[in-house]
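Below you'll find the structure, written out as structure tokens, and then a few comments.
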């Protein structure tokens with residue numbers, strides 16, 4: 001089983017749609033959770049850190065479910081510029097301070 | 001504010017040639033530093049990480065090596081490149097807070113390496 005699993009997509013949605021991504025992780029001791037965005041041929045950039053209580057940033061909402069070991073990202077009112085690959089990231093939780101990156105979910109927003 | 005630089009942006013090298021990629025961070029001290037590789041259409045693979053000058057941990061056996069000669073400088077090297085070394089090489093830094101948990105990693109713009 002992969003440490004972090006994501007549906008690779010692509011999710012193909014019209015502008016204005018609401019789309020949700022889920023991610024599952026295997027290490028129940030993980031403490032830090034993030035969503036990164038990666039545009040084609042660019043570096044990953046932090047989209048949101050995910051707090052235990054969930055958090056919202058504009059059109060983006062992240063939720064954490066520790067009992068079921070999954071993280072979600074909800075994007076409301078999708079824009080063309082939201083087209084990218086979204087990476088789910090979880091802490092390794094050993095002494096190495098490493099993060100484990102999922103393989104990403106690709107989102108395509110069409111006009 | 002902190003910035004991270006990588007160079008070169010693009011590199012085309014023949015099989016068997018040496019490699020040196022450099023990464024520098026500005027605006028912070030004693031960062032954790034990381035080298036990743038991303039093959040075309042694939043996820044990020046952690047290659048090396050460093051928690052201090054001269055301290056390098058390797059994640060996967062390969063013909064690559066890393067060094068950290070200065071606090072904010074991280075170098076990825078190879079003596080002889082293989083075809084399979086082609087990919088997008090990303091350097092990242094993080095700043096550990098609280099002493100217990102990893103912090104957000106911030107990535108440089110990357111180097112796209114093609115080995116022919």
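Computed from the coordinates by the stated procedures, all read-outs in this text should not be read as laboratory data. None of the values given here were measured: they were computed from a predicted structure. Positions of Cβ are generated from backbone atoms using ideal geometry, with glycine treated the same way; all protein chains shown enter the neighbour counts.
Miscellaneous remarks
- Relative contact order [Cα under 8 Å, 6+ residues apart], chain A, whole percent: 37
- Kirkwood Rh (inverse of mean 1/r, distinct Cα pairs), the protein assembly as shown, angstrom: 18.3
- Between region A:44-106 and region A:1-40, the Cα center-to-center distance that results, in Å: 6
- Cα gyration tensor category, rounded, prolate or oblate, for chain A with a/c compared to 1.5: prolate
- Backbone N under 20 Å from the residue B:39 label point (7 Å along Cα→Cβ), restricted to region B:55-87: B:58-65, B:77-87
- Residue order, fewest to most surrounding Cβ atoms within 10 angstrom, among A:71, B:53: B:53, A:71
- Each eigenvalue of the Cα gyration tensor of region B:1-55, multiplied by 5 and square-rooted, gives one semi-axis; in descending order these are 23, 14, 13 Å.
- Averaging the sequence gap over all C-alpha pairs within less than 8 Å and six or more residues apart, then dividing by the number of residues, gives region B:1-49 a relative contact order of 32 percent.
- Partner shielding of A:97-107 amounts to 5, given as the average count of beta-carbon atoms from other chains within 10 Å of each residue beta-carbon.
- Whether chain B is rounded, prolate or oblate, judged on the alpha carbon gyration tensor where a/c under 1.5 counts as rounded: prolate
- Residues B:71, A:77, B:103, ranked from the fewest to the most other C-beta atoms within 10 Å, line up as A:77, B:71, B:103.
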